[in-house]
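> If you scroll down you'll find the structure; I have some questions about it.
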Amino acid sequence: MIDVIDLKKQYGSLEVLRGITNTIREGEKVAVIGPSGSGKSTFLRCLNCLEDPTSGQIIFEGVDIADMKVDINIHRRHMGMVFQQFNLFNNKTVIENIMLAPVHIKTHDLRVKKIKNFFIKIRNLFAKNKKELYVINTTKTKIREEARENALRLLRRIGLEDKANVYPSTLSGGQKQRIAIIRALAMNPKVMLFDEPTSALDPEMVGEVLDLIKQVADEGMTMVIVTHEMGFAREVATRVLFMDEGRIVEENTPEEIFNNPQHPRTKEFLSKVL
């Protein structure tokens, strides 16, 4: 699904990623672990080009999205992203936060179709071979109604339907992060990217967020998760990448990584965190 080829990222003279090559396959749950400053979050953010790679390729469904000529926003529609700090809009209600991206994208697509149809009609007035118009079977009102219905369904799933019309500032950290996750799911992504989703939470709130991520994993979602939660990585991941100093030092199944690490740096790190 995602092929990463010789990915490098520099900030001035600082090398953060030093030539990463890896493949994330459909249905995999890949946990990325390692010490702070090892490049884990930068690697994740490069996967959907929130950080522009200095060099290398990121092939997502056959397209190199690191190519500056590619419209990255089209491909980001298929990549859900969950951040450490929730990134909810505090001036919008919970349900407005969840509806925002689906309504914006589908309304944009509707507008583009209408513009294209206008020019096709003009062309057809003078052309012998008539082009067919794009099919339009929705309206702005229908788009909003469908997005609201889907948002409420997702809120019911996490038991927070009663919070639909409140603002994020009134929620706990665990509630905010669960809403951030279902906001990403509202886009029907093909892959979910999690950047340390529990690091900003109080310990008692971590479990409810991890439980939701496990549910999504059990449904077959492809995932890449940067995490410090070793127990979670062991339980949920199908593959673990250990990063250090901008490189993937070791990768294997959770059982092998945690029970039988091969690289001295992996052994040293795990001895301190387990």
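The values are calculated or read from the model by the stated rules, or taken from the named source; none is laboratory data. As the structure is a prediction and not an experimental result, all values here were calculated from the model. Using ideal geometry, Cβ is built from the backbone for each residue, glycine included, and neighbour counts are taken over all protein chains shown. These accessible areas exclude ligands, DNA and RNA; they are computed on the full protein's heavy atoms, side chains included. Shrake-Rupley method; radii C 1.70, N 1.55, O 1.52, S 1.80 Å.
> Determine the dipole magnitude for the chain: charges of +1 sit on the beta-carbon of Lys and Arg, -1 on that of Asp and Glu, nothing else is charged, the reference point is the Cα centre, and the result goes in debye to the nearest 20.
Value, rounded to 20: 1900 debye.
> Next up: Round to the nearest 0.05 the FRET efficiency obtained for THR139 and THR23 when R0 = 41 Å and r is the Cβ-Cβ distance.
After rounding, the FRET efficiency stands at 0.50.
> First compute the accessible area of the range 169-274 with a 1.4 Å probe, then give the percent of it belonging to carbon and sulfur atoms.
43 percent
> Pop out the carbon and sulfur fraction of the accessible area of the range 1-128 as a percent, whole number, probe 1.4 Å.
Ligands and nucleic acids excluded, carbon and sulfur give 53 percent.
> How much of TYR134 can a 1.4 Å solvent probe reach, expressed as accessible area in Å² and rounded to 10?
Near enough 100 Å² of accessible area.
> While we're here: What whole-number value in Å² describes the accessible area per residue of the range 132-227 for a 1.4 Å probe?
For the range 132-227, the solvent-accessible area averages 48 Å² per residue.
> Here's another thing I want to ask about it. Is the shape of the range 86-238 rounded, prolate or oblate, going by the alpha carbon gyration tensor and its root eigenvalues a ≥ b ≥ c, with a/c under 1.5 for rounded and a/b larger than b/c for prolate?
The shape class here is prolate.
> Taking a quarter of the surface of the convex hull around the Cα atoms of the range 30-167, what do you get in nm²?
12.9 nm²
> Then there is this: Among the lysines, which fall within straight-line cross-link reach of LYS121, defined as a Cα-Cα distance under 19 Å, with same-chain neighbours fewer than 8 residues apart omitted?
LYS113, LYS130, LYS131
> Helix 140-157 against the longest principal axis of the chain: what's the angle in degrees, Cα atoms only, rounded to the nearest 10?
30 degrees
> Cα-Cα over 27 Å: which of LYS40/LYS214; LYS29/LYS142; LYS114/LYS163; LYS29/LYS92; LYS106/LYS128; LYS9/LYS29?
Beyond 27 Å between Cα atoms: LYS29/LYS142; LYS114/LYS163; LYS29/LYS92; LYS106/LYS128.
> Could you give the nm distance between label points at GLU15 and LYS267, where each point is 7 Å from its Cα heading toward the beta carbon?
2.6 nm
> Taking 30 Å as R0, compute the FRET efficiency from the Cβ-Cβ separation of LYS8 and HIS104 and round it to 0.05.
E between LYS8 and HIS104, to the nearest 0.05, is 0.35.
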